[in-house]
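Before any comments, here is the structure.
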Amino acid sequence: METVGKKIKFYREQKGMSLRELGKLANVSHSFISDIEHERSTPSLATLEAIANALNIPTSLLISDNEKTEPSPEQKVRSAISDDPELLQFWDELTQRDDQKVLMRQVRDLPPDGIKRIIRYIKIVEDEEAAEEI
């Protein structure tokens with residue numbers, strides 16, 4: 001079973017965050033987060049909620065007994081674009097389309113910045129096509 005600390009480290013690294021960045025966002029010292037990741041400390045539920053909020057993931061991903069630590073492709077995309085409201089809105093619209101399944105297969109193994117670039121590129125292309133129709 002994956003520990004809470006390993007899960008926090010996984011999601012922190014997936015988002016490209018340093019210990020200091022996560023600590024600042026979660027209002028927790030970076031050394032305490034390091035202690036959690038290395039299983040030297042056990043966080044309270046309130047601390048886990050603050051860390052999950054800072055990582056923009058549900059707290060349940062950190063505390064579930066689910067063996068799977070790897071996020072779903074949908075979670076991976078949402079996490080990669082979570083800091084861009086315009087891309088999130090575009091993604092929500094895109095997920096309603098059938099061709100979205102093909103996109104998910106294509107991006108699931110990319111790092112978050114690669115996912116973000118692809119979603120942004122698709123949006124640019126679609127915006128240009130919409131402008132041409134006017």
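The values are calculated or read from the model by the stated rules, or taken from the named source; none is laboratory data. If you're wondering where the values come from, they're calculated on a predicted model, not measured in any experiment. Here the Cβ is made from the backbone with ideal geometry for all residues, glycine too, and neighbour counts use every protein chain on show.
Residue-by-condition table, conditions (1) part of a loop (DSSP other than H, G, I, E, B); (2) crowded, with 19+ Cβ neighbours inside 10 Å; (3) not assigned by TED's automatic domain parsing to the domain that holds PRO111:
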position	(1), (2), (3)
GLU13	no, no, yes
LYS24	no, no, yes
ILE33	no, yes, yes
THR42	yes, no, yes
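Within segment 43-57, the set of residues being under 19 Å from GLU2 (Cβ atoms) and either of a type in the set (D, E, K, R) or without any contact (Cβ under 8 Å) to a residue 24 or more places away in the chain (or both) comprises LEU45, THR47, GLU49, ALA52. Only one of the listed residues (LEU48, LEU61) is more than 22 Å from ASP113 (Cα to Cα) and either among the aromatic types (Phe, Trp, Tyr) or modelled with pLDDT under 95 (or both). That residue is LEU48. Within segment 1-33, track down each residue that is of a type in the set (Ser, Thr, Tyr) and either under 14 Å from SER79 (Cα atoms) or touching a Ser or Thr at 6+ places or on another chain (Cβ under 9 Å) (or both). Passing the criteria: only TYR11. Which number in (1) closer than 28 Å to ARG117 by Cα; (2) part of a helix (DSSP H, G or I); (3) not hydrophobic (A, V, I, L, M, F, W, C) marks the one condition that ASP83 misses? Here ASP83 clears every test but (2).
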